[in-house]
Amino acid sequence: MDNEIKPHFKAKTTVTRGRKYGPDKGKFTFGEDGWRVIPTQIDGMQELYGEMARGSLGIYVGKESVFEKGESFDAECRYAVLEAYTSLIKLGAEFKLWDGGFFAVGVITEVYKENWIEI
């Protein structure tokens, strides 16, 4: 992971259905840089204005990768706006990834509070 961008936590994520459309249907892909930014819902988030509150989560797997439905992977993760999530980021917390519907689930396996310097 880039030295300028430090992860807030590590998670194990499982693809439950993959993308709904396009050439990557049924898959979750990462480009050459190994990064994706995906809307998420983490356990404990409240609903806002009748819709699920979703946060943008940066997910880093280290290299270009393709994960099929049913596959799991470990990744370093970082919320774009950490302040909204500090009380929710804890070992064992679960989250879901959104792309036209929830397509993957994750669980936090390590927390890096030393990287929460912007708080």
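Assorted remarks:
- On inspection, ALA80 passes the criterion of being loosely packed, with under 13 Cβ neighbours inside 10 Å, of a type in the set (Gly, Ala, Ser) and either over 17 Å from GLY55 (Cα atoms) or out of contact with any Asp or Glu (no Cβ under 9 Å at 6 or more places or on another chain) (or both).
- Scan of segment 83-110 for residues that are aliphatic (A, V, I, L, M) and more than 21 Å from GLY34 (Cβ to Cβ), ordered by number: ALA84, LEU88, ILE89, LEU91, ALA93
- Annotation note: Cβ proximity below 8 Å between a residue of segment 93-119 that is over 25 Å from GLY70 (Cα atoms) and a residue that is surrounded by 16 or more Cβ atoms within 10 Å (Cβ to Cβ) and among the hydrophobic types (A, V, I, L, M, F, W, C) (sequence gap 6+ or interchain) occurs for TYR112/PHE9; TRP116/LEU82; GLU118/LEU82; ILE119/LEU82.
- Which numbered condition GLU114 fails, given (1) modelled with pLDDT under 95; (2) in contact with a strand residue (DSSP E or B) (Cβ under 6 Å, 6 or more places away or on another chain); (3) not hydrophobic (A, V, I, L, M, F, W, C): (2)
- Scan of segment 86-106 for residues that are part of a loop (DSSP other than H, G, I, E, B), surrounded by 15 or more Cβ atoms within 10 Å (Cβ to Cβ) and modelled with pLDDT of 85 or more, ordered by number: LEU88, ILE89, ALA93
The values are calculated or read from the model by the stated rules, or taken from the named source; none is laboratory data. Only a predicted model underlies this, so the values are computations on that prediction, with no experimental measurement involved. Here the Cβ is made from the backbone with ideal geometry for all residues, glycine too, and neighbour counts use every protein chain on show.
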